[in-house]
Amino acid sequence: MKVLVLCFSKTGHTREAAEAVAQGIRSAGSEAELTQATHFRDDQLAAYDALIVASPCWAGSAGMPMLPKPLAGALAKLGDKDLAQKRCGGISVHAAKGGEGTLRLLGETAKQKGCTDFVPGPVARAGTLLSVNRGPSVKPQDKERYRAYGSEFVGG
């Protein structure tokens, strides 16, 4: 299986998690490419069997999950059926709470784009509120959960 891992990371925490997912995919014998949302092209998805979106939690702790503008813009480029034949997944990183809401929003967005096979992944805590500074990284045990998710996602 060939998987595109699409992420946005302001402080690097979500990228840490996305890299762990990609490692898990590769350890299971599949291909993974990590792409920043700001570099995503809508024609790029055709070369992949699956899409995993890695998003930080923004405003989730306020009860109103939202995707970062670069990630929302990348997903908006997709047509209503672009994910119809793709396995999809999502992960999130949050500073305090709300990552589960971001994960639900990723699933809803994938469904709007035609995905019928969304596999939710882990949510972990890293960083500080409002991204004032970088704060603590993703913990090693959480990176292992992300790696395991990547491996399981491709059937490893």
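The values are calculated or read from the model by the stated rules, or taken from the named source; none is laboratory data. All of these numbers come straight from a predicted model, not from anything done at the bench. Backbone-built Cβ (ideal geometry, glycine too); neighbour counts: all protein chains shown.
Values computed for the structure shown
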quantity: Checking residue 127 against (1) at pLDDT 95 or above; (2) farther than 24 Å from residue 154 by Cα; (3) not acidic (Asp, Glu), the condition it does not meet; calculated: (1)
quantity: Of all residues making up region 76-108, the number that are in a loop (DSSP other than H, G, I, E, B) and charged (D, E, K, R); calculated: 6
quantity: Residue in region 93-104 that is hydrophobic (A, V, I, L, M, F, W, C), surrounded by fewer than 24 Cβ atoms within 10 Å (Cβ to Cβ) and modelled with pLDDT under 95 present; calculated: yes
quantity: In region 11-50, residue farthest from residue 154 (Cα to Cα) [restricted to those that are surrounded by fewer than 20 Cβ atoms within 10 Å (Cβ to Cβ) and β-branched (Val, Ile, Thr)]; calculated: 11
quantity: Some residue of region 108-120 being modelled with pLDDT under 95 and either of a type in the set (Gly, Ala, Ser) or within 14 Å of residue 14 (Cβ to Cβ) (or both); calculated: no
quantity: Within region 29-74, considering residues that are touching a His at 6+ places or on another chain (Cβ under 8 Å) and of a type outside the set (Ser, Thr, Tyr), the one modelled with the highest pLDDT; calculated: 56
quantity: Output for region 79-92, where each listed residue is out of contact with any Gly (no Cβ under 7 Å at 6 or more places or on another chain) and either basic (Lys, Arg) or modelled with pLDDT under 95 (or both); calculated: 79, 85, 86, 87
quantity: Output for region 1-46, where each listed residue is among the charged types (D, E, K, R), within 14 Å of the chain's Cα centre (by Cα) and not in a loop (DSSP other than H, G, I, E, B); calculated: 15, 16, 19, 33
